[in-house]
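The values are calculated or read from the model by the stated rules, or taken from the named source; none is laboratory data. All of these numbers come straight from a predicted model, not from anything done at the bench. All Cβ positions, glycine included, derive from the backbone under ideal geometry; neighbour counts span all protein chains shown.
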Amino acid sequence: MAGKRKLLFSAGDSISGIKVIEILEPTRVMEGGKFRNKYYAIFECQHCGKPYKAEITRVNIGLNTSCGCQRDKHQFNSDSKIIYKYGDIIGSYGVKFLYDLYTKNYNRYAMFECPYCHKEYKSIINIVKLGESKSCGCKTKEFIGIASTKHGYSRDPLYGVWNGEKQRCNNPNNKKYAIYGGDGIDVYDDWQQHPEHFIEFVLALPHARESGYSIDRKDGSKGYTPDNVRWATKSMQSANRKPQNGKKFVGVYKTRCNTFTARVVVKGINYYIGSYMTELEAAIGRDLYLIKHNLVELGYNLQVIEAPSMN
């Protein structure tokens, strides 16, 4: 087992001009999903001589160089403090200032009058100025409700589907943008701003939420529009993918012997159809196999094809 990290500092040393009084035991903390040790010490303030606790690393790079006495002196000088009068409106939500209370941890507290129920309440002046405190709390549930229940579907799995579509089509930083938005695939204009319209539409389609089915595009070269979305199985979606790596047809593969094989995936099982001399023959062979076995929902390679004559 690895030993403890050996510190280069000890009591009596000077770090960035600050005298070390005592080295403390390391503190185990979690940062970025991993545990690590933080090393603290008791230092002597170079201004007032008062002992204070700080992280050694921060002192070593020039931070935390005093107990805070100088920050208090310069930042909260009474001559520089903004003077508010009784009845002054703070921020943009109509909150009325009543009177100052005290300063704690460099935050200035005061009493305010709620613009909704006119009750007095305590808050930090800067928080009121920024609009983060709009009332005494009487409107908190209402504010949260407005923000979280615009459509009522934020926790529905289909909301995640809708958001994923938008990210792939609209966000150039998305890893799949190149084959979606970068390839001309987009999302229906009304659905862009109204997830509830998208969700309500797909819930009315056949096979909605049935086991084994998920949202898919009928034509892989077109976007997410009312006439192009459906619920489909994994087999249907696999067959509906656009040909990759320069291939012209889905389910057609070139062999080392320069011939072509046709395959189809049904319920996760890969079926071999046959070997053909040309890529077009293999595509036709696959389409005929789909017709023969009533698998037309997997999608044809060719737009127009007739079943073989039985004569």
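Numbers at a glance
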item	result
Pairs, first more than 18 Å from F249 (Cα to Cα) in the stretch 216-234, second among the aliphatic types (A, V, I, L, M), C-beta under 6 Å, six or more apart	D216/A232; G223/I185; Y224/V187; W231/L205; W231/A208
Filtered residues of the stretch 255-270 (kept if touching a residue at least 12 places away in the same chain (Cβ under 8 Å), over 23 Å from S211 (Cα atoms) and either within 39 Å of the chain's Cα centre (by Cα) or not in a strand (DSSP E or B) (or both))	T255, T259, R263
Within the stretch 16-46, considering residues that are small (G, A, S) and in contact with a helix residue (DSSP H, G or I) (Cβ under 6 Å, 6 or more places away or on another chain), the one modelled with the lowest pLDDT	S16
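Let's see how each residue does on (1) under 26 Å from G181 (Cα atoms); (2) at pLDDT 85 or above; (3) assigned by TED's automatic domain parsing to the domain that holds V161:
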{"position": "R217", "(1), (2), (3)": "yes, yes, yes"}
{"position": "Y224", "(1), (2), (3)": "yes, yes, yes"}
{"position": "P243", "(1), (2), (3)": "yes, no, no"}
{"position": "M277", "(1), (2), (3)": "no, yes, no"}
{"position": "A307", "(1), (2), (3)": "no, no, no"}
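Residue by residue, here is whether (1) surrounded by fewer than 17 Cβ atoms within 10 Å (Cβ to Cβ); (2) part of a loop (DSSP other than H, G, I, E, B); (3) among the aliphatic types (A, V, I, L, M) holds:
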| residue | (1), (2), (3) |
| --- | --- |
| G182 | yes, no, no |
| I185 | no, yes, yes |
| Q192 | no, no, no |
| R230 | no, no, no |
